[in-house]
Amino acid sequence: MALYAIGDLHLSFQADKPMDEFGKIWRNHVRQIEKNCNKMITDDDTLVLVGDHSWGRKLSDCEKDLEFIENLPGKKVLIRGNHDTFWDAKKTAKLNDLYKDRLFFLQNNYYPYGDYALVGIKGYCYEGHDSEEHAAMLVEREAKRLKESFEAARKDGFEKFVMFLHYPPTSLWEKTSRFTFMADAYGVQDVIYAHCHGEARYHDSLLGKVNGIRYSLVSGDYLRFRPFKVMD
């Protein structure tokens, strides 16, 4: 049994959104994902998909994308990404009912993995696209959702955590954030995030050990579409 993670699959089986235009590393990326997952992951493992699963705008527009994810080996846990407009944050429970025993959608809840609770949200970081005030509001909203997940897991007796965010845990100029403080407060072992694409963006946030917590970027192109092993 092992825990793996990868983000930003950007699937488009039902949408006209080829990823080749973003660089040659994206050429045949779906085939690379499928090949690497089948080679590395067994049905006893757990694979966390860290956001931006599909370009489909509505659930009906990304059913084939979710089917592709479902057919990958292992148990699949999904985090909401900024492009995942099919996923209404208020309807996560409905998605979990619809895909029961096939996919697990992680938000305002947790996923048990041995002695660990996996918690995760989309998160947010300021990238200059909106006002700082609006960005701060979104960070607080996401932090509230994350706290609910931690507390639900704690109530059920979990004391070990792995934390997943789609966005980086810090904005460009930050060394700490609302999310890193929460990771420290709950004694998180790993913080896994995605969203950062291209050589110029891979070092936008924390990498490696910080205050005893390991921070790892798992964007698909950063990993060259080979899932990252979080733990055995």
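Just so it is clear, none of the values below were taken in a lab; they were calculated from the coordinates. Please read these numbers as outputs of a predicted model, since none were measured by experiment. Cβ atoms come from the backbone with ideal geometry, glycine included; neighbour counts cover every protein chain shown.
Here the extension length gained between residue 137 and residue 211 equals 24.0 nm, from 0.36 nm per residue of separation less the Cα-Cα distance. Just checking the listed ones, 185, 143, 135: in the Gaussian network model of the chain with Cα springs under 10 Å, the one fluctuating most is 185.
For the chain, what does the helix formula give at 222 nm: sum of -39500 (n - 2.57) over DSSP H segments with n ≥ 4, over the residue count, nearest 500 deg cm²/dmol? Walk me through the numbers before you get to the answer.
Details: 5 runs with 59 residues, N = 232.
Roughly -8000 deg cm²/dmol at 222 nm, from the helical runs in the chain.
Between residue 78 and 49, 104, 105, 106, the built amide H atoms are under 5 Å apart, and every one of these is 5 or more places off in sequence or on another chain. Taking amide H as placed 1.01 Å from N in the peptide plane, the amide H of residue 164 sits under 5 Å from that of 119, 120, 121, 192, each at least 5 places away or on another chain.
Build a GNM of the chain with springs between Cα atoms under 10 Å apart, and of 120, 187, 157 the one that fluctuates most is 157.
What percent antiparallel are the DSSP beta bridges of the range 56-180, to the nearest 5?
The antiparallel proportion sits near 25 percent.
For the range 44-59, the residues whose backbone nitrogen is under 17 Å from a point 7 Å from the Cα of residue 67, taken along Cα to Cβ, are 54-59.
Couplings 3J(HN,Hα) for the range 215-226, derived from phi with the Karplus relation 6.51 cos²θ - 1.76 cosθ + 1.60 (θ = phi - 60°), are 9, 9, 8, 10, 4, x, 5, 4, 7, 6, 6, 10 Hz, where x marks Gly and Pro. The simple Förster model, with R0 at 41 Å and r as the Cβ-Cβ distance, assigns residue 148 and residue 16 a FRET efficiency of 0.65.
With 29 Å as the limit on Cα-Cα distance, the pairs of 17/209; 58/155; 100/147; 147/229; 35/58; 35/91 that go past it are 17/209; 58/155; 35/91. Using R₀ = 30 Å, calculate the FRET efficiency as 1/(1 + (r/R₀)^6) where r is the Cβ-Cβ separation of residue 60 and residue 189; round to 0.05. Here the calculated transfer efficiency is 0.20.
Of the peptides 213-226, 168-181, the order by per-residue mean of other Cβ atoms within 10 Å, starting with the highest, comes out as 213-226, 168-181.
In this entry, the range 160-232 is assigned a mean projected area of 4.8 nm², taken as a quarter of its C-alpha convex hull surface.
Using equal-weight Cα scatterers in the Debye expression, the normalised intensity of the range 84-221 in log10 at q = 0.12 Å⁻¹ is -0.48. Short to long, the 5 Å bins of the Cα pair-distance histogram for the range 1-53 hold 4, 17, 26, 25, 15, 8, 4, 0 percent of all pairs. Converting phi to 3J(HN,Hα) with the Karplus coefficients 6.51, -1.76 and 1.60 and the offset θ = phi - 60°, the range 130-139 yields 9, 6, 5, 5, 5, 4, 4, 5, 5, 4 Hz in sequence order, with x at every glycine or proline. Using θ = phi - 60° in the Karplus curve 6.51 cos²θ - 1.76 cosθ + 1.60, the 3J(HN,Hα) couplings for the range 39-56 round to 7, 9, 10, 10, 5, 8, 8, 10, 10, 9, 9, 9, x, 6, 7, 9, 7, x Hz; x is entered for Gly and Pro.
Close amide H contacts of residue 11 (hydrogens built in the peptide plane, cut-off under 5 Å, sequence separation of 5 or more or a different chain): 54, 55.
Past the 32 angstrom mark, what percentage of all C-alpha to C-alpha distances in the chain do you count? Present the calculation step by step, with values, prior to reporting the outcome.
Numbers: 3292 of 26796 pairs.
Beyond 32 Å sits 12 percent of the P(r) for the chain.
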